[in-house]
Amino acid sequence: GEVDPRIGTGGDGHTFPGATVPFGMIQLSPDTAMPDFKHAYKWAAGYQYGDDSILGFSHTHFSGSGHSDLGDVLVMPIAGEVRLESGDPAKPGSGYRSRFDHATEVVQAGYYAVTLADYGIRAELTAGRRVGWHRYTFPEGKSAHLLLDLRPSIYDYPGKVLWSRLQVHDDGTVTGCRTTRGWAPGRELCFAMRFNQPITARTL
């Protein structure tokens, strides 16, 4: 029989709807909120079905753990004007987060897709054992951007990210690391990211 991958994404289920493979290092999934640790319990996996906006897509998530951490390397595609803060979910347009509708979501084993309504961007995610793939379809006539935010973390609090670094290489590859003091104190995560289009400009 079939299984609904959305099971547990509401209430206190603590599951995420995004793409992963069994025992994979990558769990590429949308995050609807990363609140401070005092208000973070329902967002242990980064996603709550009842939310109406997406903060971005991060690469590491726990499923059903009952405790929260991870949410590393948050990426958000943006069409048009770029805002560098996530904004208030109650005030659309106040930051880079975007509204979405569940009717546009496709949730399958190893695949997730959604339309970011504020930008008109179709986002598709899939994952292998050690890598995640993003495909973004941008609307015509607007500048296309990709925001990479190393500040947010699931179960967040001041000083959780001890340090982070980001480097853009001559061939367009982006590499970085960050160290967090969360469930695993001093956990260091490093990544490399490549694009199928050349980077024409960047802001660090």
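The values are calculated or read from the model by the stated rules, or taken from the named source; none is laboratory data. Predicted model only: the values in this text are computed from it and were never measured. So basically every Cβ, Gly included, is an ideal-geometry build from the backbone, and we count neighbours across all protein chains shown. Just so you know, the surface numbers come from the protein's heavy atoms only, side chains and all, with ligands and any DNA or RNA stripped out. Shrake-Rupley method; radii C 1.70, N 1.55, O 1.52, S 1.80 Å.
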Of the listed residues (A103, A123, A113), the one being of a type in the set (A, V, I, L, M, F, W, C), modelled with pLDDT of 95 or more and either outside any strand (DSSP E or B) or open to solvent by 70 Å² or more (accessible area, probe 1.4 Å) (or both) is A103
Just one listed residue, out of S86, S98, S68, is at pLDDT below 95 and surrounded by 22 or more Cβ atoms within 10 Å (Cβ to Cβ), and it is S68
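Criterion first (outside any helix (DSSP H, G or I), touching a Phe, Trp or Tyr at 6+ places or on another chain (Cβ under 9 Å) and among the small types (G, A, S)) does G64 satisfy it? Outline the logic, then answer.
Working: outside any helix (DSSP H, G or I): yes; touching a Phe, Trp or Tyr at 6+ places or on another chain (Cβ under 9 Å): no; among the small types (G, A, S): yes.
Judged against the criteria, G64 is not a match.
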If a residue has to be more than 15 Å from L74 (Cα to Cα) and either open to solvent by 60 Å² or more (accessible area, probe 1.4 Å) or in contact (Cβ under 8 Å) with a residue 24 or more places away in the chain (or both) to count, how many in the range 137-159 make the cut?
10
I'd like the full set of residues that are in contact with a Gly (Cβ under 8 Å, 6 or more places away or on another chain), part of a loop (DSSP other than H, G, I, E, B) and either aromatic (F, W, Y) or open to solvent by less than 20 Å² (accessible area, probe 1.4 Å) (or both), limited to the range 18-34.
G24, T32, A33
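Restricting attention to the range 160-204, which residues are in a loop (DSSP other than H, G, I, E, B), open to solvent by less than 100 Å² (accessible area, probe 1.4 Å) and farther than 22 Å from A45 by Cβ?
Just the residues of the range 160-204 that are in a loop (DSSP other than H, G, I, E, B), to begin with: 160, 169-173, 181-186, 194-204.
With the extra rule that they be open to solvent by less than 100 Å² (accessible area, probe 1.4 Å), the set shrinks to 160, 169, 172-173, 182, 184, 186, 195, 199, 201.
Selection gives H169, G172, T173, G186, F195, I199, A201.
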